[in-house]
Structure formats: C-alpha cells, structure tokens
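Here, each number is a calculation from the coordinates, and none is a lab measurement. None of these values were measured; they are calculated from a predicted model. Note that each Cβ is placed from the backbone with ideal geometry, even for glycine, and that neighbours are counted across all protein chains shown.
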Amino acid sequence: MKILAIRIKNLASLEGTTEINFTAEPLCSAGIFAITGATGAGKSTILDALCLALYSKTPRYLQAKETGIEILDVQGFKLNQSDVRGILRDGTADGFAEVDFRGIDGQHYRANWSVRRARNRADGSMQSDSVILQNITSHVAIPGKKAETLKEIERLVGLNFEQFTRSVLLAQGDFTAFMKASKDEKSSLLEKLTGTHIYSEISRKIFENYKFEEQQLRELNLRKEGIATLNEDELKTLLEEQGILATEIIILDKEIENLTLEIGWHEQLAKLQANHIDANTTLQQANEHKVNAFPRRKKLVVTEQVQQTRSWVDAQKHAQHQYGEKTIALNTLKESIVSLQEQREKLEVQLLASGNELTAKNKALNDALPLLEQAKKFDTLIAEKKETLEKTKKETDSASETNSQQQKILADKQVAFTALSAQINTITNWKTENKDRSPIAENKNIILSKLQDAKKLLETVQSSTTELDGLAAKIHNSEIEKITIEASLGKQNEEWERLKKTYDERLKELLLIPIETLNLDKEGTDRAVEKTIQAQAHWQLLDSALTELQTLSQKQLTDQADYQTKEQNLAELSRKLVVESAQKETTAQLLQQSRLASAENVETLRATLIDEEPCPVCGSTSHPYAMHHPGLQNVLAKLEESYAEMERVYLATYRQNNALEQAFQTLAQTIQSQSEAIDAKQAAVKNKKQIWEQFDISQESQAISDVKKADWIAEKLQSLKTKQAGLLVQIQAYSGQKQQLEADKNKIDLLKESIDSLTNQLKDVKAAISLYLEKQSGKVKELQKATLDLNEVEKILSPYFTTSEWMKNWKADPIIFVGRIETFAKTWNENSEKLAQYILQEGALAATLKELENQVKNLSAELTKKTDAYTIQHQNYQDLKQQRLTIFDGKPATDIENQLKQAITEAQIHVDQLKVMQQELNINSTKANTQKEELLATLNALETEATKASQKTEAWLSDYNQKNNATLSITELHQLLTLNNDWMDAERMALQTIDDEVTKATSILAERKQLLDAHQQKNLSERPLDELSELFRVAKSDVELQKHKRSEIGFQLQQDEANKNKIGDLLKSIDTQASITENWSKLNEIIGSADGKKFRQIAQEYTLDVLLGYANIHLHSLTSRYKIERIPATLGLQVVDQDMGNEVRTVYSLSGGESFLVSLALALGLASLSSSRMQVESLFIDEGFGSLDPTTLNIAMDALERLHNQGRKVGVISHVQEMTERIPVQIKVSKQQSGKSKVEIENIF
C-alpha cells in the first residue's frame, strides 16, 4: 500500500483546494520529506484529511468521544465535539478530503470523503457526510453504501483504522500506541502486516471440522441406541437361569451368615472365659498384696506416735546449727579487728608524707610565675608574624600559578593556530582535486532514490528468472507424477475387482453352515450342564447336613454324662467352703478386738474405765486391758499371722468352687444349646431334602445308594461337558471363517479408499499443472516490464556520472556502489562545512594571541614584586622564634603553667583521700568490737536451748519404750522423724489403694462372671468350633461356585450381544468416527477456536519475535542502552536496560524520549517485516521528536534516512529546527490573513 496523492478542500485552516502529489517532483524523488509550519497553521490537518478519505474518522476527533458535550454551529445548530464534520471550515458551504493510493492488489484507487451544508450555503445546516471510491486504473466507480465503501477501502488498504495509525500514520500523542496495544490488537496488526491470515483460517477451520465430526459421531451413537441385541425367548431363558442361581446364592449366603454368627459366638466365649480367669487372678494378687502390707501398717502407726517429739528434736537441731554458724562468725570477726588496727597505723605514716609533698608543689609554682609572663608575650608576637607571612605566601603562589597558566594558554593557542592553517590548506587542495565529481554530492538524494528503485527492479528481474526456471521444473515433475498416478490407479482397480469376486464366493459357502441349529444345541447342553452342577451342589449340602446332625447328637450324650459328675463335685466343695468361711470370720473378729486394745487413741479411754461398768466402745463390764499389758504386742502379732493363713486357705477353696461352678453352668448351657441345634439341624435337613427332590436328576438316581450317588453325578456332568465342548468347537470354527471374511471385506474397503485417494490426487495434479502454467505467463509479463523500467532509470541517471560503464559497475555490486556515492557525498559536505568553520576560527585565534601576549607581560612584573616582600617578612619571623627558644626550651607557657597546677591538684586530692580512709577505718573498728560482744551472748543462749530440747526428747523416748515394751533408740527416732506428713499421707493412701484394689477385683470378677453366664445362655447350637469352621469353608466354596456359574451366564449374554453387533458395520463406523473426532478434538484444544484467535496468538508470538529481531537492530543504532524483549507466553513487551546490569523494565517505565526511540525502532522493524502480500511503503510521523536531545535526534534522522533507502517514503511533521534543516524537500504550511493557511512544496537545497 502506497499513498500517491492528497487533495483537500475547505478543511480547518486550509481554504480552497490544496493538492499534494507524491508522484510529481520534488516529492516523487524524495524518500523523506518534512511538513513544516507554525503552530496551528494546519500541518496535522493534512494527516486528518488522509484519515477522513480512507476511514471517515481521525485520531484527534476520536479523543473527544465523550458523549453529551456539544459545540455551536451556524444558526444555533449544534454538533457533538467528536463529530468529524466539524472540520469543515467556517464560512464555506462544502469541503472534501481525497486520497489516491495503490492497493494491495497493485491497482490505483481514489477515495473521497465529502461534507456540505444545506442548499450549498455557508449558513446552512450541516448535512451527512459521504464516501465514494473509484478505481482510477480502470476508471470504474465502485458502488455501495457508506459502510460498504469504507469496508472495501479497508480491504484494499489492507489495514483497519487502528492498524493504519500504528504502522502508517503515527498521530500526535499516539506514537507509542503499537508498543502498548493489547494482545488481540498486536496479533491482528502483525497478521495483516506479515500476510499470515492462514493461521486464523486454520484455527477456524479446525474448530468447524471438530464441530462437524462431533455431530457425525453423535448421530451414529443415536442410531446405535435403537439396535436390539437379543430376541425375547433367548433373553427370557437366560434370565430364568440367572434367577435360579440368584435364589440359591441367597440361600447359601443366609447359611454363611448363620455359620458366621455361631463362629462369632465361640470366639466371644473364648474371650469372656479368658477375661474371667484374668479377673480371678487379679483378685488373688490383690489379697496377697493386702497380707504383705502388714509391716507397712505397723511402721505407719509408730511414725504417727513419734510425731509429738518433732518440735523438741527440731529445736535441738536448730540450736546446734546456729551455734556452729555463730562460732565461725566470731572467729572471723576477731581476725577482722586485728587487720583494721594494722591498716590504721600504715595510713597515719602515708598521711604525713603526702602533706610534705603538697607544700613542695606550691613553692615550685610561685617560683615560675615571672618566666611564664615573658613567654606568653613572645608567643603572641610569633602568632601574629606567622599569620602575616602565610598570607603573603599565598598571594605570591597565586600570582606564580596565574602567570604559568597564562603562558601555557598562549603556547596552546599558538599550536592550534598553526594546525588550523594546515587543515585549511589540506581541505582547499582536496576540493580542487575532486571538483569534477561535485554533481554527485549535490544530487545525492535523487541518485540514491533512483538507484533504490533500480535495485528493486533488478531484484524483480532476477527473482522472475529464478521463479520461471522453478515453474518449468514443477510443470515437468507434475507431468511425471500424473503418469505415475494413472498407472497405479489402473493396477489397484484390477486388484479390487479380483478381491471382490473371491469375497462373494466365500460368503456363499459361509451361509450354508447351519449356525442357528448349532447354537440351539449348544444352549440346551449349557442349561443341562448348569442344572447338573446345581443338583451336585445341593446333594453335597444335604449329605453334609446329615453328617453334622449325627455328630451333634453323639456329642450331646457325652456332655450329659459329664454334667452329672460335675454336679456331685460342686455340692461337696460348697459344704467345705461354708466351714472355712466361718473359721476366717472368727479369726478376723479376734484380730480386730486386739487391734482396738493396743491402739494409742484407746489409752486415754482405758484410764477412765471402772470395774463392773460397761465399756463405751464394746459394752463389756470386764476390762482386762485397763492396765498396761507388756505381752499384748506378741499376742497381736500371732493373731495376725493366723488370720492371714486362714484367709489364704479360704481364697484357694473359693477359687476352686468358682471354677467348678462356672464349668457346671457352662456345661448345662451347652447341653441346652445342643438340643436347640439338633432341632434346627433336623429342620434344615428336611428343607434341603425337599430342594434336592425338585431336581430331575434325583428321580434318575433313586436306584443308586447315597454313598455312590456323588460319583454318579460327577460322571453325568463330565459327559455333558464333553458334548458342550464339541458344539463350542463347531461354533468357533464358524466364527473364525466369518472373521476372516470380515477381514477380506476391510481389505476391499481399504483398497477402495486408496483408489478414491489416487483419483483425487490425479485431479489435484492436473489442477496444479494449470496453476503453474498460469503463473508462468504472469512472470514472463513481470520480467518484461521490470527490464523496460530498469533501462529508463539508466537513461535518467547517466548525465550525473562521467563514465558510461557506471550501470555495469552498479549491477556488479549495488551496495558497494551506493556506499561509495554516500561516502563521497558525505565527505564533500563535511569538508565544505569544515572549511567555512576553520576560516572563521583562524581570524578569532589571531586576535586572541595578541591579547594573551600583553597579559603574560603584566603578570610577570607583579610576581617579582610579591616575591621580594615575602623574603623580608620571613626573616623577621625566624628572629622571634630564636628568642622564644631561650625560655622553657620553646614549650608553650600555658602547658607549663597547667602542668604545675595539675601537680598541686593531684597532691591535694591524695591527702584528702587518705583522710577519708582514716575516718572509715575508725568507724569499722568500733562496729567490729560491738558485734563481737553480741556474738558471745548469743552463743551462751543457744547452748542452753539445745540442752533443754535434748532432755525432753530422752524423757519421752524412755517413757515410750517402757509403755510399749519396745527398744526404740534415739537414732531410730530421728530416722522416723525424717518421714514427713506427705510420706504418711502417701502411705495411708497406698494402703487404702491396696484395700480398694481388693474391692475392685471382687467387683470385676462378679461382673465378668455375669457376662460369661449371659453369653453362655445365648448359644445358637451345640456344634464345636472346628465343625463350624469346616461347614463355613464348604458353604463359602459352594457360593463361589454358584457365583462363577452366574458370571458365565452373564458372559454368554455379553458375548451374544457382541457377536450380533458384529453383523453390521455400525460399530466399526462409530469407532472410526470416534477416532476421527478425538483427533480433531485434540487439535481443536491446542489451536482451534471459533474466531481464529488461539492459533493466531501462537503464530504471532513467533512473528513478534522476528519483528523484535529487526527492531533491536534499529534500536541498537538509536541507543545501545536498551534491548526489546517479548514477555514469555504473551504478546506483551519489556525492555532490558543494559546499562543497569541487564535489568528488565516494563515499557511503561520509559521516559518520553526513551518511549519515542523504542516506538520508532518498532515502526522501523515493522517496515522490515512487511510481507509481499502487503507492502507498506508510506510512513507519516506527527511530532514526537521534541523530547529528544541533539545527539539522539541525529541518530533518529539517520534511522529515518535508512528507512527511505529501504523503499519507504517518510513524512515528518515537527517543530524541531535541526531536524527540518536536514530535510531538503518540505511541504510548508504558512499562515495567511483571516485564519487561512497556504500549502507550498519546496526543495530548499
């Protein structure tokens, strides 16, 4: 697409008709031109007209798209602020914008947008705008409404409005639009620019094909759902057999469930018996612990009695401990008093020496005062002289440095003047030598533009020649391919006819086999086999039930005899237990009375007892223990031993009785359960016998004994299975022949598909040959036209060159030839500019040299004067310093005075410190003597306290041993007192816990005995666990066998259904269609979509990568700091800041100038990326250069000139003077009176 001309009438400031023809000179030859003018002159109106003619809208008016805001028009009419008709100039009745352009089909078109007022009057109301399109190549007007015409213009341009403003017209404020566009906008624009519409079409086609194939599969499945798989009789027969098996399986499952319950009862019985034994063992252990705890009870009683001595023993220990501590403290205090006395004597000596030293220091300070005053005066004079001397030194050094710098500047200017004169002579000589080649430099732009056009024509000639050779080869290869396909097609037709004939013959043979009769015989045999298997299983169940009944009856007789024996043993043991229980209770009562008599809390009660009066505790009038009895403790110990022995014997008998009673009750329950089980077994045998008699085989086997009946049934079953296998072999042979026939049919179908494919290939080859011939004709015409145009270029450019061989040299290597022209033109222009600059610089340098010579002379005289003054001041300063050295060796007077005063201060401080220490020692001595007297009094009191406590303890111990006939020593007493209240509480709790454990074990034993008795009463049968386990195994095996038979019937149903499905080709068609649909589904999931965006997004990511490759080349020439990258898996952009350690930045973080450079690089990249389908040959840039510094601006201009060399025409709207001065061809828009502007096209060079 290329803009050829723009015409404007009465739009904005451009009154009247204005035409800009890019096909006429100087614009025709100019690759880059500038649109210049003052602000508001109407430069951007030219671009508005371009957009109006092509799209009926402009970027500037789109920015005012906010609704509800209107502006006044003539006679009170109003227009929306975004209405493009408002561009019509006030005071005019009509206007238009017209653009001539070359479309993507290579033909020339003229698009016209026009607007007018009512009645063609300037004060008329605004009418609707209109758009017309004309093919100016064929002079044919293209009809259609406005929307249709705009759509056709968009198609011919190859870009919609948004894409046009981002690749051709870069409007004000929208230069970075492409860089910040959305992913859909980027992908759409890249698709247009690169001619890769095929990816969107592929995506849409894949989506459509997937939907079509999915619908086909859905229709086939609907057809399949209406097909019957079994006839009514076959289905009824098989379902009846399944029902019989299901009933038998339910019966067997019920029997398994009952057996499971009985086995569970036995398992629970074993657990309960084990728990009962554990509880009995626990009770025995608890009673043993109680007997073993007697010594602990005795120790606890003694410990409680000795607690009344605790206060005396604790007081004695405390006093003894305090006495030891106070004795140690007294010894330490005596040592401290002696040490304090020695320190006082030493301190008095030190205090006398310090006083003498302080007096000597004061005398030294008074002697030095006159010399200190004299030294201070000299120090003041020396400081003043030094300051004056340093100031003079700085002035002298500054004058010397200034003089040296000025002389250096003078020398440098003299060297520069000499070098400049030499350069002027060199450039003048070079221009004289190359004067005859100056026309090439002066007309460089025209020559390069034409050579660029010639290069394209030369490439067209070369490519057309190559393509013609390729087309000839393709036509030849296609002819050979056509002959090969025709031969292969003939052979496959003959093979298809032969296979079809063989298939028909085999099909007739297969139809003669009586497959229906074989299937009926097979079904009858299968039913007979199943019924025989069922009868065999029921006979096994009946035989097993009879055996179990006999076994259970025999076991019941054995248990009844054992029951009578256990009943006699239990009665004898119960009598023995009553006697032992009475003996144990008597012993317990005696022991309890003895304990009461010996308890400490009864001693007081005994003292109040009176003869012949009842005891308040036991009620007796006899009081044998009213007085203290020494042998009581021995009697009490013997009674406790007797009680423990009686309790052990009783517990052993009790456990034996419980065990026998439990066994007796268990046996009685077992006998009862056996009776119930025998009744249940008899009923089950009767039921199984009735089921067995329902089978036909029971009538056949009546003459056979029960022992041989199982073998007879097995032989009959084997005979039926042999017959079943023979029929199965015949049916499988039929199926094999049928499958082979189906395989032959598939082979015939595949061959037919191959024939159809070859037929289609033959049609494609013939079509390709026709297409190649058509392309060959078009390329011949293109080659002839390019050759004529190339000769015309040679004719135009020959006057600029001095040799007639220039065209031959250019064709040999166009790039080097153009490079030489650019190099020479650049050198010529640079030397011309340098010569003018050097001449001006030479005059300026001559004047500067004269002025510098006068300045150097004046500076030298001033330096000499300041050097003499510095020498005199320095001598005076040295004399003063020598006189000062005679006093204190030159040391500062302040330092000497401070040292003397510091010595006096330190001596005074030392004296004061010694006095403070002397006072502290006196105080400490007085305090130590007082503490000594207090400690001696305390020691006497503690000794008296310990003696009293010891006497009380010994008196209590003697009384205790006498009353209790004990031998408790003072050491044992102290050991018992180490046991505190916590120990006694813990011991009481432990003994109580032992008693609680006995109670708890007794309760648990009773509870578990109750659970065991209850469980034994719930016995379901008298069958032992081993017998039940065997019956469970047999029943489980039988039910698995029946389920296996039921599965075989289900398999037969499925197999029959599959065989009948194979009769037709529907399932094959469904499988084939499902495979096709799955393939299209996977492809659609990856790249398919209704709008084509999915694959376009993927493809344009790669296109954008290519674009960024071109853009980064241009960006490197603009600035080496940034590199553009695509954000992975998106069409978003980011930049890599190479000056910041390759930091990745978003494009939104760039400054205005940086955004312009990056956007310009993208625009130049788009130019390089444009495909042959749509050549974008025009670029208009409206502003954007004002944000660039001079260096970057030069770089941008070089890039735009390179874009021109690539065949693009570039128009630039800018106010930057340095930029417009470098562009020779300009469209100047100048302001006139009354707000009008005038457009002129000039070549300023």
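Computed values, structure above
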| quantity | calculated |
| --- | --- |
| Calculated FRET value between residue 63 and residue 473, using beta carbons and R₀ = 60 Å, to 0.05 | 0.60 |
| Expected 222 nm ellipticity per residue - DSSP helices of 4 or more, -39500 (n - 2.57), all of the chain, to 500 | -26500 deg cm²/dmol |
| Antiparallel DSSP beta bridges within the chain, as percent of all bridges there, nearest 5 | 80 |
| Cα gyration tensor shape of region 26-67, rounded if a/c is under 1.5, else prolate or oblate by comparing a/b with b/c | oblate |
| Cα centroid separation, region 521-559 to region 113-157 (Å) | 104 |
| FRET efficiency estimate (nearest 0.05) - Cβ-Cβ, residue 875 to residue 377, R0 25 angstrom | 0.75 |
| Selected from 1004, 973, 961, residue furthest toward positive end of dipole (region 943-1006; charges at beta carbon) | 961 |
| Computed label-point distance, nm, for sites residue 922 and residue 551 using a 7 Å Cα→Cβ extension | 12.1 |
| Inter-site label distance for residue 1129 and residue 882 at 7 Å from Cα along Cβ, in nm | 9.3 |
| Region 868-876 - phi-based ³J(HN,Hα) in whole Hz, Karplus 6.51/-1.76/1.60, Gly and Pro as x | 5, 4, 5, 5, 5, 5, 5, 5, 4 |
| Region 256-316, Rg to Rh (Cα coordinates; Rh as Kirkwood inverse mean 1/r) | 1.59 |
| In Å, descending, principal axis extents of the Cα set of region 937-998 | 60, 31, 14 |
| Subset of 686/708; 254/721; 9/1231; 686/723 violating a 26 Å alpha-carbon distance limit | 254/721; 686/723 |
| Linear extension gain, residue 1098 paired with residue 967, 0.36 nm per residue minus alpha-carbon span | 36.3 nm |
| Computed Kirkwood radius, in angstrom, where 1/r is averaged over Cα pairs of region 1076-1132 | 13.4 |
| Rounded to whole Å, sorted largest first: equivalent-ellipsoid semi-axes of region 932-1053, Cα gyration tensor | 86, 24, 11 |
| Cα-based Lys pair tally, region 455-520, threshold under 23 Å, eight or more apart or on separate chains | 5 |
| P(r) of region 642-785 over all Cα-Cα pairs, binned every 10 Å from zero, in whole percent | 8, 11, 10, 10, 9, 9, 9, 8, 7, 6, 6, 4, 3, 1, 0 |
| Derived scalar couplings ³J(HN,Hα) [region 929-937; Karplus, 6.51 cos²θ - 1.76 cosθ + 1.60; whole Hz; x for Gly, Pro] | 5, 4, 4, 4, 5, 5, 5, 5, 5 |
| Chain lengthening between residue 712 and residue 4 when straightened (0.36 nm per residue, less Cα-Cα) | 243.8 nm |
| Hull shadow area, averaged, region 803-904 [alpha-carbon convex hull, nm²] | 19.5 |
| Rounded FRET efficiency, nearest 0.05, which uses the C-beta distance separating residue 588 from residue 975 and R0 of 30 Å | 0.35 |
| Signed unit charges on C-beta, dipole axis of the chain, positive-most listed residue 388, 588, 414 | 414 |
| Computed over region 508-582, Kirkwood Rh from alpha-carbon pairs, angstrom | 19.2 |
| Relative packing of 15-26, 357-368, which averages over residues the other C-beta atoms within 10 Å, highest first | 15-26, 357-368 |
| More than 40 Å apart - percent of Cα-Cα pairs taken over the chain | 79 |
| Stretch gain in nm, segment residue 198-residue 787, where the contour uses 0.36 nm per residue and the Cα spacing is subtracted | 208.7 nm |
| Inter-probe distance in nm under a simple model that places probes 7 Å from Cα toward Cβ, at residue 72 and residue 806 | 6.4 |
| Packing-based ranking, highest mean first, of 430-440, 891-901 given that Cβ atoms within 10 Å are counted | 891-901, 430-440 |
| Region 338-425 shape via C-alpha gyration tensor axes, a/c threshold 1.5 | oblate |
| For region 395-523, alpha-carbon Rg over 2.2 N^0.38 Å | 3.49 |
| Taking the C-alpha atoms of region 725-828, convex hull volume expressed per residue in Å³ | 183 |
| Packing-based order for 827-837, 259-269, using average beta carbon neighbours within 10 Å, highest first | 259-269, 827-837 |
| Dipole in debye (nearest 20) - the chain, about Cα centre, beta carbon charges: Lys, Arg +1; Asp, Glu -1 | 5400 |
| Region 890-964 - convex hull of alpha carbons, volume per residue in Å³ | 111 |
| Label point at residue 776 placed 7 Å out along Cα→Cβ; residues across region 468-486 whose backbone nitrogen lies under 19 Å | 468-484 |
